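Visitor: Attaching a single structure in C-alpha cells format; questions to follow.
The values are calculated or read from the model by the stated rules, or taken from the named source; none is laboratory data. This is a predicted model, so every value here is computed, not measured. Note: ideal-geometry Cβ built from the backbone for every residue, glycine included; neighbour counts use all protein chains shown. Surface accessibility is based on the protein's heavy atoms, side chains included, excluding ligands, DNA and RNA. Shrake-Rupley method; radii C 1.70, N 1.55, O 1.52, S 1.80 Å.
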Amino acid sequence: MNTQKSLLVILLLIIPALASAQGLEIKRKSTNQPKVQQPQSMPQQKGKGASKTSTRGVTKTKKKATSTRSADYYVETGLDYLFGTDGKSQNNELAFSNFTKAANMGDADGLFLKGYCHYYGYGTNEDNYAAISCFKQSANKGMAVAMNYLGTCYYYGYGTQMDNTSALYWYKQAVDTGDYESCVNVGNMYENGYGVTADMQQAYSWYQKGANANITSCMCALGRFYLYGYVGDSPNIQTALSWFEKGAEGNNGNCMLWLGYIYENGYGVTANLNKAVDWYRKGANVGDGNCMQKLGLCYQYGYGVTKNASLAVEWYRKAKDAGCLDAINDLAYCYSNGIGVAANAPMAFSLYQEGANAGNAKSMAGLGFCYNNGYGVAMDYSKAVSWFQRASELGDAYAMEQLGNCYYNGNGVATNYGEAAKWYVSAIQAGSITSWSHLGAMTILGNLADVGPATGLTYLLYGAGQGDPNAMYNLGLCLKEGIVTGGPQSKYLAKLWLQKAANEGVNGANTALYSLLSYTPDKGKNYWNPQHNTIKYNTTDLSILGVHLSDDYTEVNIFVKNKQYNSQSYYIDPFTYIKTTDGTRYPLLYAEGIGITQNAPSGLVVEAQGSKTFKLFFPGIPKKTKQFDLIEDVEESNWKFYNIQLK
C-alpha cells in the first residue's frame, strides 16, 4: 500500500469517529482518585446536591433547667419540634417559630438556629440574606458554629459577595472559640490558596490540629497528604492508610471512600476488589452518597461482586437521594442504555436535566449529548454547544472533547480547526484519553498549520498508551505504512500496537497485523539520534523507584523529587528505549502519569507541583536483567538528558 492510499485509510477511519454520536461515557475499572469531598464541617453548597438533612452544629441534648418562656425554653422547645423529641411530632414551622422567639430575646443559640432555618428553608422560606444576618449576630455574641456558617456564607457568596478573606477570618475565629471542626476549612483554604497565599505546610498544620482534636475530616485530609507525598520527600502509603482507617473508625464516609479507592486500584497495596467493595459498603451504611454511587458502579461492572444491573440502579437511586450528583448521571446512563431498567430516552434526558440544573458538569455534558444526537429531545446543535460550553467551564473533559468535535464538524458553530484543536488539548489536560487520537488525526491529516506527522505520532502514542483502542489501531497503521515513523523500530512498534488493537476488538486490526507477525526487536548501536535515547527533566532529582518484569511488558517506575511547590516540567521523549547488554533496544510503548503542556519540547510532558511518580512501559525483556540505572548523558540549557541502562 502506498502512502497516498494509507492516508485515505486514516481519513476514512478517523473522520467518522469525529462526526459520530459518541456514547456519553465508556466505563472502565476506576483509575481516577475520588474527588476531594467538601469538608464535612462546611455545609454543602446549596443547589449542588445538598439534602436538607444537615444538623451540623444542631444537636438535641439533655435539657437544661429552663423557665417557661425564657430564651432557653424556646430554644429547647424548637429543638424538640425540629427533631420530633420529648413527645412532640416533628414540625419545622413550630421549630422556626420558637427559634425566632429566642432570637428576638437576643439569645445567641436562638439567633443561630433561626439563621439555620433560613439557610436550609426549614419551616420558612430559604433566605440567604436573613440567614447571614442571624449568623453575624450570633457570631458576634461568641457562638462558634455561627462563625463557621458565616465563613461558609462568605466562601460561597450566600447573602453576600464571595469573600475568601472574610471566610478565612471567620473560620479561624470559630477554631479559636473552640469549634475544631473548622480546622478542615482553614486547612482547605491554605491548601488551595483561597483568601491567602497557598501554603501546604500551613494546611498540614491546620489539618493536624483538627485531627488531634478527633476531627475525622481532618484525618481524611492528612491521609491525602501522605498518600500524594505532600508531607516528606515521597508518598507514605502506610501512614496514609493509618489516617484513613482512623477516620473510618469515626464513621467518616469520605475516609471509607478513599480506602475503597486505594484497594480497588492497588495504590501502594495489593489490589483487592473485595476489600474495596467492603469499604464502599461501610461508607454506604453510614450514609455516604459517594460510596453508594461506587457500590452501584461495582454492581454494574462486576468489580468485586457478581454483576447485577438491578442492584446497580438501586444503589444509584440511593446515592441520588443522599445528594450524590454523579449518581444522577449514572442513572441517566442506565436509562440511556437499558441497564437494569428498560431503555427510556425521555427519562434519561429528564435526569440529565435534573443534574444539570443542580450544577453537575457531567449532567450538563449529558444534556449536550442528548441535544447533539436528538436523544429524548429534538436535535438542536446550538443547545448542544451551549451545554457543552457550560460543562467545559466546570472542567468536564468529555464536554471539551465534544466541543472540539462540534468545531471540527461545524455542528452548531462554524468549522474552525484551530478551535477544535484548542478544545482537544483542553480535554486532554482535563483527563480525556480519546482526545489524543482526535488531535493526532488532525496533525496527520494536515488540518493544523506548522504541525507535522511526527507530532501526530506523539499524540497517537499517548492516546494508545492510555487505552484508546482507536488510537492503538491508527498508531499501528501509521507506523506500518510509514505515514509516521518510529525510526528503524517502526515495523516492530506497528506490530505491538496492532496486536493491542486486535485484542480490544478493533475491526481490521487482525488483517493489518498479519504481515507483521515475524518482526522482532532490532539490534545495533547507531539506529537512533542520541537525543532520542533519553528521559529529560528540569531542576529535579530523578531516580528509578522500581521495576516490574513480566512476559508481556517491562514497567519502570520513576520518581521525580521536587522540593519546591512551584510547578516543574518532566519530559519523556516518545523514542525513549531500553538497551540490553546484547545491544537489543526495546522502544517505549507508553507512559502513565504524563500529560501535555503547551510550552515545552514536543513529547510527553507533565506539569506537576511537588514530587511526582510516573511509569514507563516497554516490551517484555529477559528476566535475567538485574538492575536498571539512569545514567547522565549530556546537559543542554536547563534540561538534563538521561539514558536507561540495564545491568
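Visitor: Over the Cα atoms of the stretch 140-190, Rg to Rh with Kirkwood Rh, two decimal places?
Guide: 0.94
Visitor: With the full set of protein chains in place, find how many percent of the accessible area of the stretch 90-179 is carbon and sulfur; take the probe as 1.4 Å.
Guide: Carbon and sulfur atoms account for 42 percent of the accessible area of the stretch 90-179.
Visitor: Using only the Cα atoms of the stretch 295-364, build the gyration tensor, take square roots of its eigenvalues as a ≥ b ≥ c, and label the shape rounded, prolate or oblate: rounded if a/c is under 1.5, else prolate if a/b is larger than b/c, else oblate.
Guide: Because a/c hits 1.5 or more and a/b fails to exceed b/c, the stretch 295-364 counts as oblate.
Visitor: I want the local charge near GLY476. Using Cβ-Cβ distances under 9 Å, sum +1 for each Lys or Arg and -1 for each Asp or Glu among the other residues.
Guide: Residues close to GLY476 contribute a combined charge of +3.
Visitor: In whole Hz and in residue order, list the ³J(HN,Hα) couplings for the stretch 335-351 that follow from phi through the Karplus curve 6.51 cos²θ - 1.76 cosθ + 1.60, θ = phi - 60°; x for Gly and Pro.
Guide: Taking θ as phi minus 60°, the curve returns 5, 5, 10, x, 9, x, 9, 5, 4, 8, 4, x, 5, 4, 4, 4, 5 Hz for the stretch 335-351.
Visitor: OK, next. Describe numerically, in nm with one decimal, the distance between label points set 7 Å from Cα along Cα→Cβ at ASN251 and at TYR519.
Guide: 6.1 nm
Visitor: Still on this structure, please answer the following. Pairs of lysines 8 or more apart, or on different chains, with alpha carbons under 15 Å: count those in the stretch 375-517, would you?
Guide: So the count works out to 4.
Visitor: Now, a different point. Using r as the Cβ-Cβ distance of GLU93 and ARG69, and R0 as 25 Å, what FRET efficiency do you calculate, to the nearest 0.05?
Guide: 0.85
Visitor: Quick check: residue separation of TYR169 and TYR381 times 0.36 nm, minus the Cα distance between them. What number comes out in nm?
Guide: 71.7 nm
Visitor: Right, here's the next one. Where only protein heavy atoms count, and the probe is 1.4 Å, what is the accessible area per residue for the stretch 304-426 in Å²?
Guide: 38 Å²
Visitor: Arrange the peptides 508-518, 145-155 so that the one whose residues have, on average, the most other Cβ atoms within 10 Å appears first.
Guide: 145-155, 508-518
Visitor: Sticking with this structure for a sec: With every protein chain kept in place and ligands, DNA and RNA left out, what is the accessible area per residue of the stretch 79-168? Probe 1.4 Å, answer in Å².
Guide: It amounts to 40 Å² per residue over the stretch 79-168.
Visitor: Whole-Hz Karplus ³J(HN,Hα) for the stretch 123-138, in order, using 6.51 cos²θ - 1.76 cosθ + 1.60 and θ = phi - 60°, x for Gly and Pro?
Guide: x, 7, 5, 5, 8, 5, 5, 5, 4, 5, 4, 5, 4, 4, 5, 5
Visitor: Another question, if that's okay. How many nm separate the modelled label positions at THR197 and THR511, each set 7 Å beyond the Cα in the direction of the Cβ?
Guide: If labels sit at THR197 and THR511, their model points lie 6.3 nm apart.
Visitor: For the stretch 290-302, what does the Karplus curve 6.51 cos²θ - 1.76 cosθ + 1.60, with θ = phi - 60°, yield as ³J(HN,Hα) per residue in whole Hz, taken in order and with x for Gly and Pro?
Guide: Going residue by residue, I get 5, 5, 4, 5, 5, 4, x, 4, 4, 6, 5, 10, x Hz, with x marking Gly and Pro.
Visitor: Taking the simple approach of a point 7 Å from Cα along Cα-to-Cβ for both LEU394 and ASN337, what is their distance in nm?
Guide: Modelled inter-label distance: 2.1 nm.
Visitor: Relative to the present Cα-Cα distance, how much length would full extension add between ASN285 and ALA271 at 0.36 nm per residue of separation?
Guide: 2.8 nm
Visitor: Using a 1.4 Å probe on the protein heavy atoms, what percent of the accessible area of the stretch 363-505 belongs to carbon and sulfur?
Guide: 47 percent
Visitor: Pairs LYS246/LYS320; LYS141/LYS209; LYS101/LYS141: which are spaced more than 20 Å apart, C-alpha to C-alpha?
Guide: Pairs exceeding 20 Å: LYS246/LYS320; LYS141/LYS209.
Visitor: Translational diffusion coefficient, Stokes-Einstein: compute it for the stretch 190-295 using the Kirkwood radius over C-alpha pairs as Rh, at 4 °C and 1.567 mPa s, and state it as an integer in µm² s⁻¹.
Guide: The calculation lands on 93 µm²/s.
Visitor: How big is the Rg/Rh ratio for the stretch 132-228, C-alpha atoms only, Rh by Kirkwood, two decimals?
Guide: We get a ratio of 0.99 for the stretch 132-228.
Visitor: Another question, then. Enumerate the whole-percent occupancy of each 5 Å bin, from 0 to the last occupied one, for all C-alpha pair distances of the stretch 396-485.
Guide: Once binned at 5 Å, the Cα pair distances of the stretch 396-485 give 3, 18, 26, 24, 18, 9, 2, 0.
Visitor: Still on this structure, please answer the following. Can you list the trypsin sites (Lys or Arg not before Pro) in the stretch 297-393 that are in a DSSP coil and have 14 or fewer other beta carbons within 10 angstrom?
Guide: Hits after loop and neighbour filter: LYS307.
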